[in-house]
Structures are given as C-alpha cells and as structure tokens.
Amino acid sequence: MLDATRTAPRYPVPVQRPVPRLWPRVLALAVALVAAAGVHLTWRIFVASEAGQRVDGLALAGAEHGQYRLWTVAEPVLDVVSVAFVVAGIAAAMTVALVRRRWALALQVAVLVGGANLTTQVLKYAVYDRPHLLPGWSGPNTLPSGHTTVAASVALALLLAAPRAWRPAVAALGAIWTAATGVSTLVGQWHRPSDVVAGVLVVLAWGGAVCAFGSRSSLDVLEGPGGRRSGSVVVATLLAAVGAATGFVAFGALDGARGGAWSDLPLAGDVTAYAGGVAGVVAVTAVAFAVILVVRQATARPEPD
C-alpha cells in the first residue's frame, strides 16, 4: 500500500522578478532632457544677454540690504557644504540602498552625485563663459552654482535610495535644504540667482536620467494589490503650489526690475530684483523636487502581474 502520509516532492518555486514599466521611464528621460535644456536656456537668458546680466546684477547688488543679519543664518548653512559633506551624503545614500539589498541602486546614487557635481564644474569652467556686455568687469562665469549642486544632489540621492513610503518626507526636506543653500549663496553674494537655478536643473537632469535608465534594483516591492499608500501626491502638490506662488512673485519682480508694472513699487530696483531672485530659486527648487518625486515613484512601481 502507498503511504498516505508521504508528501509530493517539492520543487523550488521560481522567483518572480519585478518588471519596470516603459512610460514612466520615457517621462523620466523627457524630464532629464527638459532640465538639461533649461540649464542652457538659463545661461542664454541671464548670462549671454545684456538684459539678463542687468537683472542678475541688480539681484546681486540687492543682497547688500540686510546682509549682516541674514549672513548670521546663511553662513552656517554654507559651511556644511564641503567635500566631507559630499562623501557623507553618498555614504548615507549608499548605506540605505545596501540595507535594502539594492546593490545596483547603491551604485546609481553614487553616479548621480558624482555626475551632477562633475557636470557643474565642467559647465562652469570649460563650456560656459561670461561675456562682458555691461560697463565694468563683473567677474568670470559662475553658472552653475557648485554649492547648490552639492546640496541638491545629496538630497536627491537620499530620495532615490529611500523606501517608497519615506520619499515624500525626504523630498520635502530635500527641497527645503536645497532652497536654503541656494538662497544662502545669494545672501553672501557668492552667486547670482541664475547660478543657483542652473545648479538645481543640473541635478534634476541627472535625477531624471538615473530614473530613466535605472536597473531592476531600483524597483519597489509593493505591499498588496495597490502597494502601500504614501503622501506622494500630497507632498508633490504642495511643492508645486509653493513653486507656482513663488514663481508668480519671481516673474513680477523680474518685470519690475526691467521697468514693467512692478517698477512703481517703493523698493523697486535692486531690492525687487533680489526678492525676485530668492523667489525664483525657491520656485525652481520646489517644482524640481515635486517633479522628481513623481518620476521616482512612477519609475519605481513595477509592472503589475
């Protein structure tokens, strides 16, 4: 007789590897290309044109107003940004990825930070120049901002490495930190607003490229049919709203600095341009992190079974 208690032989069940979706990667690549074009457009408008140099110069001069008090806050922020900070940021992001057993993702975040910062240095010193279009000498080219690139790239590396549920909080904190660093460079008159905007866009371009060409290691393991709910939509919407509001202020101030409707304000001129520059930095940073949060969540979601 056959032994009824004998069990059937067991065979190893093949592991279903997650499959990336195509359209989010196309979207990520489009974001990378638009951001790269934005870097060049920023240089073309604010560095390679007389009107742009004049507005950017007004914003730089406007930083002298209240600089002494603001610098007590801005200097500690800028002191954090250093080679040691870059190394620590890469190490932290890679550690998060390795703890999650995402070996290829750990390499990708290192490529992101290294590639973005190398790109900024190459663009600043080997690609772009600063033509002398206004009276006097305004110094060599300073676009893009290296400090802003460092802060944004480390923040974005942590965003890419973090688990899905943590990314909204990392995106919000990263946007605040990047904007604070960029504005601090304006306070210290280290950079003009266009330099900071270009630095953010360089990092956004690299972030989009990494998301577009990321490996399977960058995909999430979703819990349940729809995956764990997160605050991605809420945070992305809030960041976009902040970007829209500050962008409106930035465009208005730009109009005033050029002699438009806002030029009738009591503090029109360098103060208006400075305020517009700060608003522009906040706007671009907020929108950039809103976009990359959406792109990262979309590219990290695998194809449903």
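What follows draws every value from the coordinates through simple rules; no lab data is involved. Just so it is clear, the model here is predicted, and its values are computed rather than measured. For neighbour counting, all protein chains shown are included, and Cβ atoms are generated from backbone atoms with ideal geometry for every residue, glycine included.
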Problem set entry | For the chain, radius of gyration divided by Kirkwood radius, i.e. Rg to Rh on alpha-carbons | 1.11
For this session: Have a look at Thr285, Thr246, Thr237 and tell me which one the Gaussian network model of the chain (Cα, springs below 10 Å) gives the largest fluctuation.
Result: Thr237
Seminar exercise, completed: Two pseudo-spin positions, 7 Å from Cα along C-beta at Arg130 and at Leu33, lie apart in nanometres by 3.3 nm
Problem set entry | Mean separation of Cα contacts under 8 Å, 6 or more apart, over the residue count of the stretch 22-300: relative contact order % | 30 percent
Problem set entry | Cβ-placed point charges (K, R +1; D, E -1), dipole of the chain about Cα centre in debye, nearest 20 | 1280 debye
For this session: Mind giving me the nanometre distance, one decimal, between the label points for Ala104 and Leu41, set 7 Å out from Cα along Cα→Cβ?
Result: 3.2 nm
Problem set entry | Charged-residue dipole, Cβ positions (Lys, Arg, Asp, Glu), the stretch 53-200 about Cα centre, Debye nearest 20 | 600 debye
Problem set entry | R0 of 51 Å, Cβ-Cβ distance Ser215-Glu75: FRET efficiency to nearest 0.05 | 0.80
Problem set entry | Distance (nanometres) between label positions extended 7 Å along Cα→Cβ at Ser82 and Ala165 | 3.7 nm
For this session: Quick one: order Tyr128, Tyr68 by neighbouring beta-carbon count within 10 Å, fewest to most.
Result: Tyr68, Tyr128
Exercise. If you take the beta carbon distance between Leu22 and Ala245 as r and set R0 to 30 Å, what does 1/(1 + (r/R0)^6) give as a FRET efficiency, to the nearest 0.05?
Worked result: 0.30
Seminar exercise, completed: GNM on the chain, Cα springs under 10 Å; top mean-square fluctuation among Asp79, Asp129, Asp220 goes to Asp79
Exercise. For Val234 and Ala298, what is the calculated FRET efficiency with R₀ set at 25 Å and r taken between the beta-carbons, to the nearest 0.05?
Worked result: 0.95
Problem set entry | Those trypsin sites (Lys or Arg not before Pro) in the stretch 88-149 that DSSP places in a loop and that have at most 15 other beta carbons within 10 Å | Arg101
Exercise. If the label point is 7 Å along Cα→Cβ of Gln121, which residues in the stretch 156-180 have backbone nitrogen under 19 Å from it?
Worked result: 157
